[in-house]
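See structure below.
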Amino acid sequence: MSAAMEVAMTQYTPSKFAADNALTDVDVVEKYKLSANIVNAVLPQVLDKVAVGISVCDLCQYGDDLISAYADGMYKSMERGIAVPTCVSVNNYVQYMSPLADTDYNLQPGDVVKIELGAHINGYIATAAHTLVVNPNPQQPIQGPAADVICAAYCAQEAALRLLRPGVKASEITRAITEAGLYYRCQPVEGTYSSPMKRFVLRAGKDIENRFATDMFVDDLEKYDFEIEANQVYQLNIVMTTGDGKTKPAEDKPCVFQRDVNKSYQLKMKAARTAYNEINAKHSVFPFASRSLSTNQARLGLTSLVQHELITPYTPMRTGQKSDIVAQFKLTVLVTPKGLIRTTLPMALPYVHSQYSIPEQTPTSQILASELPMEIIKAVNEKSLPQVNINFGEHRIAV
């Protein structure tokens with residue numbers, strides 16, 4: 001959503017940058033798999049804590065603490081850690097909700113919960129997101145709009161994944177996403193997209209939009225369209241809603257920020273200098289949650305950093321109606337000349353039953369039935385990760 005995901009790569013020579021991102025290099029691919037191992041270990045543990053009465057703040061802190069603990073025990077000579085802070089966006093909120101305790105929310109029966117997070121090893125990134133429903137009676141399927149939007153987002157992701165190969169135009173993928181949603185009476189959320197990633201860069205090129213802009217002309221589409229190329233890493237991010245797809249800023253204050261490495265300013269406030277030094281030391285170019293700063297004084301300095309454009313806030317967004325429901329599925333996939341390598345694993349889907357389905361002999365059904373030449377990395381062996389001891393709800397940031 002925010003252009004802040006784009007990070008300058010001026011420290012790289014073109015040849016160094018190309019070498020660091022060559023998927024023909026087995027060491028590069030291995031680092032992407034290592035960061036995915038962390039995500040694949042952490043996301044299920046966070047999902048497992050979702051229940052009636054559980055604090056969103058505690059879920060976010062738990063995810064971040066797990067990522068940090070796993071990363072800290074690996075490759076200590078390399079930069080490593082959180083690439084996307086754990087965000088828990090409920091019902092009609094879209095993304096980037098990672099609150100402090102003073103704006104916390106406790107989950108209620110029927111809430112649709114989207115959990116998103118990411119990790120990196122030496123700048124090589126893996127991100128993922130999953131949607132589930134707070135179902136007080138798990139033996140009974142969730143029905144109605146919540147089931148519809150989850151089915152729409154999941155089928156759109158599967159269709160997009162099958163089209164994500166060299167030579168396919170981005171507009172073809174966007175069209176497949178939109179059509180999958182329409183069969184379930186849902187719409188892709190505006191301002192959401194899938195993006196290529198590079199080492200240390202979460203948004204490293206042209207995005208695959210989840211929907212076409214309503215004011216886009218055919219000439220504009222041809223001008224901005226592009227073909228998928230080999231040797232790319234994508235975070236495939238599908239976001240659907242039961243509403244009309246339009247968004248607006250939520251009433252909540254931003255809680256996720258990212259440093260802008262292209263800006264500089266001589267800070268005068270002590271709190272701002274404290275925050276800036278801590279951000280540079282702990283987060284470098286990656287987004288971070290305000291929870292991650294060690295003191296209230298540092299958090300107070302964020303306002304000054306935003307004013308001087310040293311950091312960019314990720315404004316929490318929601319759909320137009322509170323009755324809307326938003327679902328999200330996100331994965332990381334490497335596009336190689338030989339096929340796809342999915343590094344973040346599929347999670348178990350919530351138990352839902354939609355009254356709608358994708359009719360046979362439609363373009364979407366044919367895409368979903370097509371062969372998917374893809375390697376999926378094996379589920380992480382816990383013995384290959386460092387032992388961690390993180391107790392849910394124990395670490396809470398005071399405000």
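Each 5 Å bin, from zero up to the one with the longest distance, holds this percent of the alpha carbon pairs of the range 18-81: 3, 16, 21, 18, 15, 11, 7, 5, 2, 0.
Dipole check for the chain: with +1 at the C-beta of Lys and Arg, -1 at the C-beta of Asp and Glu, and the Cα centre as origin, the magnitude is about 920 Debye. Can you give me the relative contact order of the range 131-286 as a percent, contacts being Cα pairs under 8 Å and 6 or more apart? Relative CO of the range 131-286 lands at 25 percent. Arg259 contributes about 60 Å² of solvent-accessible surface, heavy atoms of the protein only, 1.4 Å probe. Values of log10 I(q)/I(0) for the range 232-296 across q = 0.12, 0.17, 0.19, 0.29 Å⁻¹ run -0.51, -0.83, -0.93, -1.33, by the Debye formula with one identical scatterer at each alpha carbon and no solvent. Once all protein chains are placed together, Leu221 keeps about 40 Å² accessible to a 1.4 angstrom probe. Just name one of Asn280, Cys186, Ala83: the one whose Cα is farthest towards the positive end of the charge dipole of the chain (beta-carbon charges, Lys/Arg +1, Asp/Glu -1). Farthest along the dipole direction, towards plus: Asn280.
Measure off, as a whole percent, the carbon and sulfur share of the 1.4 Å-probe accessible area of the chain, all protein chains present. Carbon and sulfur atoms account for 50 percent of the accessible area of the chain.
On average, how much accessible surface per residue is there in the chain, in Å², for a 1.4 Å probe, leaving out ligands, DNA and RNA? Write down the numbers at each step before the final one.
On the way: 17700 Å² over 399 residues.
That works out to 44 Å² per residue.
Using Cα-Cα distances under 8 Å and only pairs 6 or more residues apart, what relative contact order does the range 265-312 have, in percent? Computed value for the range 265-312: 52 percent relative contact order.
Calculated on the Cα set of the range 36-134, radius of gyration then Dmax: 13.4, 45 Å. For Arg211, the accessible surface of its heavy atoms amounts to roughly 40 Å² (probe 1.4 Å, protein chains only, rounded to the nearest 10). Here the chain is treated as a Stokes sphere of Kirkwood radius computed over C-alpha pairs; at 10 °C and 1.306 mPa s its diffusion coefficient rounds to 74 µm²/s. Per-residue ellipticity at 222 nm, computed for the chain from helices alone with -39500 (n - 2.57) per DSSP H run of at least four residues, works out to -9000 deg cm²/dmol. Only Cα pairs within less than 10 Å get springs; with that Gaussian network setup on the chain, which residue of Asn277, Asn37, Asn135 has the largest fluctuation? Highest fluctuation among the options: Asn277.
Across Met269, Met78, the residue with the most accessible area heads the list, and the full order at a 1.4 Å probe is Met269, Met78. Between Thr315 and Gln355, the simple label model (points 7 Å from Cα in the Cβ direction) yields a spacing of 3.6 nm. With Cα atoms as the point set, the range 143-250 shows a radius of gyration and Dmax of 13.9, 41 Å. As a rough guide to protection, the peptides 43-50, 361-368 ranked by mean Cβ packing within 10 Å, highest first, stand as 43-50, 361-368.
The values are calculated or read from the model by the stated rules, or taken from the named source; none is laboratory data. Please read all numbers here as calculations on a predicted model, not as lab measurements. All Cβ positions, glycine included, derive from the backbone under ideal geometry; neighbour counts span all protein chains shown. Side chains are part of the model used for accessible areas, which takes the heavy atoms of the whole protein and leaves out ligands, DNA and RNA. Shrake-Rupley method; radii C 1.70, N 1.55, O 1.52, S 1.80 Å.
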